[in-house]
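The values are calculated or read from the model by the stated rules, or taken from the named source; none is laboratory data. Bear in mind that the values here come from a model prediction, so they are computed numbers and not experimental data. Neighbour counts run over all protein chains shown; Cβ positions are idealised from the backbone, glycine included.
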Amino acid sequence: MRSRASLIELDSTDALVEEFEKICLDQYECLLDRKIARYNRLVDKIIIILDELKLRSERQRLLPLLSHKNRQVRYQAAMATLLVAPARAKEALERLSKSHEFPQAADASIALDKLADGSFVPS
């Protein structure tokens, strides 16, 4: 049986974007339910999707998610698009940071601070 990582290469870009959104929504639920181990496993899945989108030069396809109604989706989309659309991604992080929707507001604020001081460089 092939791994999910190898099967993902067969998925369309639209399917990858939909899966990214779904995983982010699952992460949101994990945060509410304090299921941190599951949340961390979902991070691994997001990394696999982002790696595939990067290989395809398609990370910009996540940009519509910057205006998603769910704050976890917006946060993850902003982090994922910092390299391909830095101004839009930073703007989304700034809005989230000012929203007081925690913990994503805090994560966004930390990301902006690290971008500003150069300790985080998008890749």
Give me the pairs: first residue in segment 40-55 and touching a residue at least 24 places away in the same chain (Cβ under 8 Å) and on the phi < 0 side of the Ramachandran plot, second residue assigned to a helix (DSSP H, G or I) and hydroxyl-bearing (Ser, Thr, Tyr), beta-carbon distance under 9 Å, and six or more apart or on different chains, which are they? Glu52/Thr13; Leu53/Thr13
Which of the residues belonging to segment 46-82 are over 17 Å from Ser12 (Cβ atoms) and more than 11 Å from the chain's Cα centre (by Cα)? Ser67, His68, Lys69, Asn70
Looking at Leu32, Leu115, Leu62, Leu66 in this structure, which one is at pLDDT below 95, assigned to a helix (DSSP H, G or I) and buried (at least 17 other Cβ atoms within 10 Å of the Cβ)? Leu115
Over segment 76-90, the set of residues under 16 Å from Gly118 (Cα atoms), of a type outside the set (A, V, I, L, M, F, W, C) and crowded, with 18+ Cβ neighbours inside 10 Å is Lys90
Within segment 91-106, the residues that are surrounded by fewer than 19 Cβ atoms within 10 Å (Cβ to Cβ) and either modelled with pLDDT of 95 or more or in a helix (DSSP H, G or I) (or both) are Glu91, Glu94, Arg95, Lys98, Ser99, Ala105, Ala106
